Amino acid sequence: MTDTRTPPPDSVFRISRTVDAPLDRVWKAYTDQDALMAWFGPQGFSMPHSRYDFRPGGEFHYCLRTPTGFEMWGKWVFVAIEPPRKLSMIVSFSDASGGLTRHPMSAAWPLQTLSTTTFEDLGGKTHVSIEWAPHESDADEIAAFHAGHASMAQGCNGTFQQLEAYLAQMPRP
């Protein structure tokens, strides 16, 4: 297995959405612990636990619980924060103590990935773009990540729907 610091361009996952909310509200939805707990994750999932330290080197450690009670833990380690335009973080699956674990349904999944979210002000609306790639991964992990793009798109689109529903229920100025 070869360690690949820079994954091939076709292994990078990209998705974007324009949401009907101003940039400051969308930025807050991504950067405020209570807001994240209200919308982040697939529809029907709850977030019974989170620990949040929003600074470069800080982390967001959380538990997502499925409607059937299955729990998946995750962790973001913030790499770069450029308010209100860009967030970069190392994303991984985790255990309840914050240790790194493998994907619960894919042993070949990269142990860590790098996700960068950018926010573009469109005059009352915000364009959110995500680029996500394997981080310090070998060829097998990169292949597993690439093979997962369709399910990642499904999960991200569902999460975008949750974000849109959260933003829609907020009072407008």
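The values are calculated or read from the model by the stated rules, or taken from the named source; none is laboratory data. Computed from a prediction, not measured in an experiment: that's the story for all the values here. Quick reminder, even Gly has a Cβ in these numbers, built from the backbone with ideal geometry, and neighbours come from all protein chains shown.
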Checklist line | Every residue from segment 25-55 that is among the charged types (D, E, K, R) and either surrounded by fewer than 14 Cβ atoms within 10 Å (Cβ to Cβ) or farther than 19 Å from residue 116 by Cα (or both) | finding: 32, 34, 51, 53, 55
Notebook entry, point to check: Does any residue of segment 150-162 turn out to be within 21 Å of residue 8 (Cβ to Cβ), among the polar types (S, T, N, Q) and modelled with pLDDT of 95 or more?
Noted result: no
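Could you tell me whether residue 79 is in a strand (DSSP E or B), surrounded by fewer than 17 Cβ atoms within 10 Å (Cβ to Cβ) and β-branched (Val, Ile, Thr)?
Here the answer is yes, as residue 79 does meet what is asked.
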Check: Considering only residues of segment 1-32 that are modelled with pLDDT of 95 or more and among the polar types (S, T, N, Q), which is farthest from residue 157 (Cα to Cα)?
Finding: 31
Margin query: So in segment 46-69, with the set limited to residues that are part of a loop (DSSP other than H, G, I, E, B) and of a type in the set (D, E, K, R), which one is nearest to residue 80 (Cα to Cα)?
Written below: 55
Next item on the list: Tell me, please, whether a residue that is more than 22 Å from residue 143 (Cβ to Cβ) and either touching a residue at least 40 places away in the same chain (Cβ under 8 Å) or among the aromatic types (Phe, Trp, Tyr) (or both) can be found in segment 3-17.
Entry: yes
Checklist line | Check on residue 108, over 15 Å from the mean Cα position of the chain (by Cα), among the hydrophobic types (A, V, I, L, M, F, W, C) and within 21 Å of residue 74 (Cβ to Cβ) | finding: yes
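Scan segment 91-100 residue by residue and report those that are without any contact (Cβ under 8 Å) to a residue 24 or more places away in the chain and surrounded by 15 or more Cβ atoms within 10 Å (Cβ to Cβ).
Within segment 91-100, the first condition is being without any contact (Cβ under 8 Å) to a residue 24 or more places away in the chain, and the residues that meet it are 92-93, 95, 97, 99.
92, 93 - these are the residues of segment 91-100 that are without any contact (Cβ under 8 Å) to a residue 24 or more places away in the chain and surrounded by 15 or more Cβ atoms within 10 Å (Cβ to Cβ).
Which of the residues belonging to segment 101-138 are aliphatic (A, V, I, L, M) and either part of a strand (DSSP E or B) or surrounded by 15 or more Cβ atoms within 10 Å (Cβ to Cβ) (or both)?
Passing the criteria: 108, 111, 114, 128, 130, 133.
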Next item on the list: State which residue pairs qualify: first residue under 17 Å from residue 87 (Cα atoms) and free of Cβ contacts under 8 Å to residues at least 60 places away in the same chain and inside segment 19-45, second residue of a type in the set (A, V, I, L, M, F, W, C) and assigned to a helix (DSSP H, G or I) in any location, beta carbons under 8 Å apart, and separation of 6 or more residues or different chains.
Entry: 28/35; 36/29
Margin query: Quick check on segment 111-140: of everything there that is at pLDDT 95 or above and among the polar types (S, T, N, Q), which residue is farthest from the chain's Cα centre (by Cα)?
Written below: 126
Next item on the list: Could you check, for segment 158-169, whether at least one of its residues is within 21 Å of residue 47 (Cα to Cα), loosely packed, with under 14 Cβ neighbours inside 10 Å and touching a residue at least 60 places away in the same chain (Cβ under 8 Å)?
Entry: yes
